[in-house]
2 protein chains.
Amino acid sequence: MLETASGLYANLGPDIMRRLDALALFSEDGDGVTRRFATREHRQAAEMIQSWMRDAGMTAHMDAVGNVIGRYEATTINAPALLIGSHQDTVREGGKYDGAMGIVTPITCIGILNNAGERFPFAIEVIAFCDEEGVRFNSTLLGSRAIAGSFDKAVLTTTDSDGKPMAEALRKFGVDPDGIASLARPAAGILGFVELHIEQGPVLEEENLALGVVTAIAGGTRMSAKITGFAGHAGTVPMARRNDALTAAAEAILAIERYCSSAPGLVGTVGRISAAPGAVNVIPGEAVFTIDIRAGDDAVRRQAVAAVRAEIETICARRGVRLAVDVFHESDGCQCAPWLMDQLEAAVIAIGQPPKRLMSGAGHDGMAMARVTDVGMLFVRCKGGISHHPAESITAGDAALSAQTLLQFIRKFEPKNEI
Amino acid sequence: MLETASGLYANLGPDIMRRLDALALFSEDGDGVTRRFATREHRQAAEMIQSWMRDAGMTAHMDAVGNVIGRYEATTINAPALLIGSHQDTVREGGKYDGAMGIVTPITCIGILNNAGERFPFAIEVIAFCDEEGVRFNSTLLGSRAIAGSFDKAVLTTTDSDGKPMAEALRKFGVDPDGIASLARPAAGILGFVELHIEQGPVLEEENLALGVVTAIAGGTRMSAKITGFAGHAGTVPMARRNDALTAAAEAILAIERYCSSAPGLVGTVGRISAAPGAVNVIPGEAVFTIDIRAGDDAVRRQAVAAVRAEIETICARRGVRLAVDVFHESDGCQCAPWLMDQLEAAVIAIGQPPKRLMSGAGHDGMAMARVTDVGMLFVRCKGGISHHPAESITAGDAALSAQTLLQFIRKFEPKNEI
């Protein structure tokens, strides 16, 4: 059964968009959407999401860390479950679609399945993770880590900008953090985890495609580099006698760009820079900048980090300036499971869309979920690649296509091993 | 008569250093020396300088803009004068030698001439200019402009950081700004202007030389450049699809360095830079930086500015980012008079030092004085090229060599035209 937009699914896109608009109302003041972990807005959104889940024929509850979980039962009781979900939280002044899209769409799809009386040998659970962005406590992937069994109890003592510890915030929010340890799901009960998410990049739009199957979630290394040269008078020190920290940094920035352009799926960014003392007429004695290197393949990333560091060392040695590099964040990437990629791609093709595979440069809950189960992701085109911004935008048509793909995927879903 | 350090001039270096230490006492609180225009410290220093001038057999007075002028009469009355001088003011937390060296040394030399009963067919005037650095009112070369007849009356209404207008500050200081217009000296009465100054750069020290004759005071162009690209997620935008403002700026910085290394006497500096939004994981959508280009030859500088701008335009066009350049300061350079350079160099050689000519990248009062007379400058080695800093340092030996050179120069001085 493949319905057309004029048929059974005529309202699918608008329905999803309406729910996304509704969810966006649960926001702190300011532009766009600000919905942080364990806040009143989180609670409001969680109530709305549970209500939609129940409407769609699911049981729904909030767990001890603030995840909302809805379960659409299988044809048998206690069947293993296909997990589908994304995160309910946003960055400060973010958009309506990052995260929310991957909660609203599967709920809407299950509503259609429920209305049609379609059930499967496997259960489907939709999870609205409590905190992927890590805005409030600087700790990302809290909800998915809890379910994957990698939640670090130590983060419960970290405090938000008001000095409130996470454990206290959770109790005030209405859940019992002592219950988090027991949220870890045994792998046996899970068939896989699939997430639908906006691309947050320009690839699909530029290739005129609505959908893409994610091959890997990039791992990332973040460094800060400090180059120390010698400050001097911009008029009195001849070019050949300078040890300019900023020209060394400029050469480093171009080396990073050049190296990271050499391999597909590798990206490198210098996002922040300063030069000291920072006067128009003084040669910089110090330059400080950040380096963010990501790749779907961890070996490619590690090689890039080593190569870039070595190249910057060479630049600095040649220029007679000193280099200090501090790696302040490092996370391994997550390969999507080929069998899930294949089934997602088959669904894309089945609804008449061209297949496309691409890497995710941004982090997602799948990185945590991969610890306990196979992971697959479907990307949806977003306007201009803009995300983490009030201008984040998708079309109702693309929302409908993503929902049709998910429906197709669920209906044709073949677990990796027999149930 | 060429005295050795063990003879008549045995105490010359220590005497000069002692006076420089004494002058440094007239400072606002803080590290190093802070002596701003028309302040109590300016008044204190002016009294000390006039006292030294009178001790050296000169008449001394303060003029209507705050310059201190001492005159050592010629063998005849109303003879034209050789002007020698430098500035009494400092930057905030500057050193003891910038400016002060060029006041104390000629006064000390004239004391020696006076003690020996040596007079010449020309008078010698030592000028302690009131404000070269422009720290208090953001207007440089106030004293030399007044004498050269290029003082702009409009600056009298500019205010300091406390909101006090310059005219009011001068009256409170004890001079009458209405008298500034009449300070302009007719060219006929002046034989030339010579300044002794620390190099403020590393050239003499690196070439193991105490003294250098300045060929030109560099003109300068200061610009701010703003590159506008597209911000984006550091993980999700492939390298080939970026319009990174900072990588464009990095290429621009290296282009400036490369071009300005191509001609002797040309220097180019990027001293300040920022990237926005300025997060480790966001591709910069905007980069703003300053460009300072100087050359002894104005044509070389103008060509460099044009070439660098064109090259940055090309870089930005190729990278799909926009460039806006604002020229916020431009001053023409000042060529030193060959006849003064020759006589200064002859004096350097006569005291047994190797000849060396070099450009001044920093600005000096000679830039204003060149409007009314020929200009020459003698540079003295300073430690590490450091200036505008409490660590500014020279040796007593170099102070003695500079004084011996100045004495030799005065004794052998031949005006360009017969008196």
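The values are calculated or read from the model by the stated rules, or taken from the named source; none is laboratory data. Just so we're clear, the structure is a prediction, and the values are computed from it rather than from any experiment. Every residue, glycine as well, gets a Cβ built from its backbone with ideal geometry; the counts of neighbours run over all protein chains shown. Each accessible area value is taken on the protein alone, full model and side chains, heavy atoms only, with ligands, DNA and RNA left out. Shrake-Rupley method; radii C 1.70, N 1.55, O 1.52, S 1.80 Å.
State whether the residues of region A:143-155 include one that is closer than 19 Å to B:T236 by Cβ, in the same structural domain as A:E28 (by TED's automatic domain parsing), among the charged types (D, E, K, R) and within 20 Å of the chain's Cα centre (by Cα).
No: region A:143-155 contains no residue that is closer than 19 Å to B:T236 by Cβ, in the same structural domain as A:E28 (by TED's automatic domain parsing), among the charged types (D, E, K, R) and within 20 Å of the chain's Cα centre (by Cα).
Taking the stated definitions as given, is B:E414 out of contact with any strand residue (DSSP E or B) (no Cβ under 9 Å at 6 or more places or on another chain), at pLDDT below 95, open to solvent by 10 Å² or more (accessible area, probe 1.4 Å) and farther than 30 Å from B:G134 by Cβ?
No: the conditions fail for B:E414.
Here are some conditions: (1) facing chain A (nearest Cβ under 7 Å); (2) over 15 Å from A:A248 (Cα atoms). B:R302 meets all but one. Which one does it not meet?
B:R302 satisfies every listed condition except (1).
For region B:64-76, give me each residue that is crowded, with 19+ Cβ neighbours inside 10 Å and within 27 Å of B:S27 (Cβ to Cβ).
B:V65, B:G66, B:N67, B:V68, B:I69, B:G70
How many of the residues in region B:374-387 are in a loop (DSSP other than H, G, I, E, B) and surrounded by fewer than 23 Cβ atoms within 10 Å (Cβ to Cβ)?
Total satisfying the criteria: 2.
Quick check, is B:I103 in contact with a Phe, Trp or Tyr (Cβ under 8 Å, 6 or more places away or on another chain) and at pLDDT 95 or above?
no
Would you mind finding the one in A:L183, A:L191, A:L196 that is in contact with a Pro (Cβ under 6 Å, 6 or more places away or on another chain), within 21 Å of A:V372 (Cβ to Cβ) and in contact (Cβ under 8 Å) with a residue 24 or more places away in the chain?
That would be A:L191, the only listed residue that is in contact with a Pro (Cβ under 6 Å, 6 or more places away or on another chain), within 21 Å of A:V372 (Cβ to Cβ) and in contact (Cβ under 8 Å) with a residue 24 or more places away in the chain.
Does at least one position in region A:181-204 carry a residue that is among the hydroxyl-bearing types (S, T, Y) and either under 30 Å from B:S360 (Cβ atoms) or at the interface with chain B (Cβ under 8 Å from one of its Cβ atoms) (or both)?
Within region A:181-204, none of the residues are among the hydroxyl-bearing types (S, T, Y) and either under 30 Å from B:S360 (Cβ atoms) or at the interface with chain B (Cβ under 8 Å from one of its Cβ atoms) (or both).
Working only within region A:99-112, note down all residues that are open to solvent by 10 Å² or more (accessible area, probe 1.4 Å) and not β-branched (V, I, T).
A:G111
Among the candidates B:A46, B:A79, B:A38, which residue alone is over 15 Å from B:C130 (Cα atoms) and either open to solvent by less than 50 Å² (accessible area, probe 1.4 Å) or in contact (Cβ under 8 Å) with a residue 24 or more places away in the chain (or both)?
When all the criteria are applied, what remains is B:A79.
So B:V321 passes all but one of these: (1) facing chain A (nearest Cβ under 10 Å); (2) touching an Asp or Glu at 6+ places or on another chain (Cβ under 9 Å). Which condition number does it fail?
(1)
Sort out which residues of region A:270-291 are at pLDDT 90 or above, within 7 Å of chain B (Cβ to nearest Cβ) and part of a loop (DSSP other than H, G, I, E, B), and write them in order of number.
A:V270, A:G271, A:R272, A:P284
Could you figure out which of (1) open to solvent by 10 Å² or more (accessible area, probe 1.4 Å); (2) at the interface with another protein chain (Cβ under 8 Å from one of its Cβ atoms); (3) in a loop (DSSP other than H, G, I, E, B); (4) touching a residue at least 40 places away in the same chain (Cβ under 8 Å) isn't true of A:A263?
All conditions are met except number (2).
Would you call B:L246 assigned to a loop (DSSP other than H, G, I, E, B) and either more than 8 Å from chain A (Cβ to nearest Cβ) or open to solvent by less than 10 Å² (accessible area, probe 1.4 Å) (or both)?
Judged against the criteria, B:L246 is not a match.
State the number of residues belonging to region B:219-243 that are facing chain A (nearest Cβ under 8 Å), touching a residue at least 60 places away in the same chain (Cβ under 8 Å) and assigned to a loop (DSSP other than H, G, I, E, B).
Total meeting the criteria: 0.
Could you grab the pairs with beta carbons closer than 7 Å, sequence gap of 6+ or different chains, first residue in region A:294-323 and in contact (Cβ under 8 Å) with a residue 40 or more places away in the chain, second one polar (S, T, N, Q) and open to solvent by 30 Å² or more (accessible area, probe 1.4 Å)?
A:G296/A:T215; A:R319/A:N243; A:G320/A:N243; A:V321/A:T228; A:V321/A:N243; A:R322/A:T228
What's the number of the only condition in (1) more than 12 Å from every other protein chain (Cβ to nearest Cβ); (2) touching a strand residue (DSSP E or B) at 6+ places or on another chain (Cβ under 6 Å) that B:L358 fails to meet?
Condition (1) is where B:L358 drops out.
Within region A:340-356, is there a residue that is in contact with a Lys or Arg (Cβ under 9 Å, 6 or more places away or on another chain), in a loop (DSSP other than H, G, I, E, B) and in contact (Cβ under 8 Å) with a residue 40 or more places away in the chain?
no
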